[in-house]
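Q: One structure follows; several queries about it will come next.
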Amino acid sequence: MPGAASDARRAVYAVAEGRVAAGYDVALAVSEAVNNVVVHAYRDRDASTEPGRVHVAVTLERDDLVVAVSDEGTGMKPRTDSPGAGLGLPIIATLADRVEVDRLATGTRLVMAFRLAGAGSRRR
C-alpha cells in the first residue's frame, strides 16, 4: 500500500527518538526498506489480489536499536524495469551501523542496527 512507508517511518521514529543519536537516520532507512518491499517484493502478484504484507519489528539488543523489515514476496532479484534509482540499499548501508539481508523461505528480511545514544559509535 502506498502509505506503508510513511506509517512505518512514523512508528519506528517514535521508538527511536531519544534512544539513538540520529532518529531521522533510522526513519529514512526504514522508509527506504519499506519502499523497497512495496516496489519490488510483490511485483509478480496480480494487482487485483490482496496487497502483500510488510512486517516491521523493532527491538533493543545490547547497545543497538534493531529494525527488521521483512516481506513474503519473491525475494531479491534483479529488476531491469525498476522505477527507482537503485539507491535504497546503499542509503540504508550508509545510515545504519550494521545491515544484514536474509533470504527467507518466502521473501526477504532486512535487518538494520543503530547504535543507542551513549553506547559509543561503530559506524563510519
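Derivation of every value follows stated rules applied to the coordinates shown; laboratory data play no part. Small disclaimer: the values here were computed from a predicted structure and weren't measured. Cβ placement follows ideal geometry from the backbone for every residue including glycine, while neighbour counts extend to all protein chains displayed.
Q: For the chain, what does the helix formula give at 222 nm: sum of -39500 (n - 2.57) over DSSP H segments with n ≥ 4, over the residue count, nearest 500 deg cm²/dmol?
A: Estimated from H runs of four or more residues: -8500 deg cm²/dmol.
Q: Compute, for the chain, the length of the dipole vector about the Cα centre, with Cβ point charges of +1 (Lys, Arg) and -1 (Asp, Glu) only. Units Debye, rounded to 20.
A: Taking the Cα centre of the chain as origin, the dipole is about 300 debye.
Q: Moving on to the next point. Ratio of region 4-115's C-alpha Rg to 2.2 N^0.38 Å, to two decimals?
A: 1.04
Q: A follow-up question, please. Compute the orientation-averaged projected area for region 1-45 from the convex hull of its Cα atoms and round it to one decimal in nm².
A: Averaged projected area of region 1-45's Cα convex hull equals 2.9 nm².
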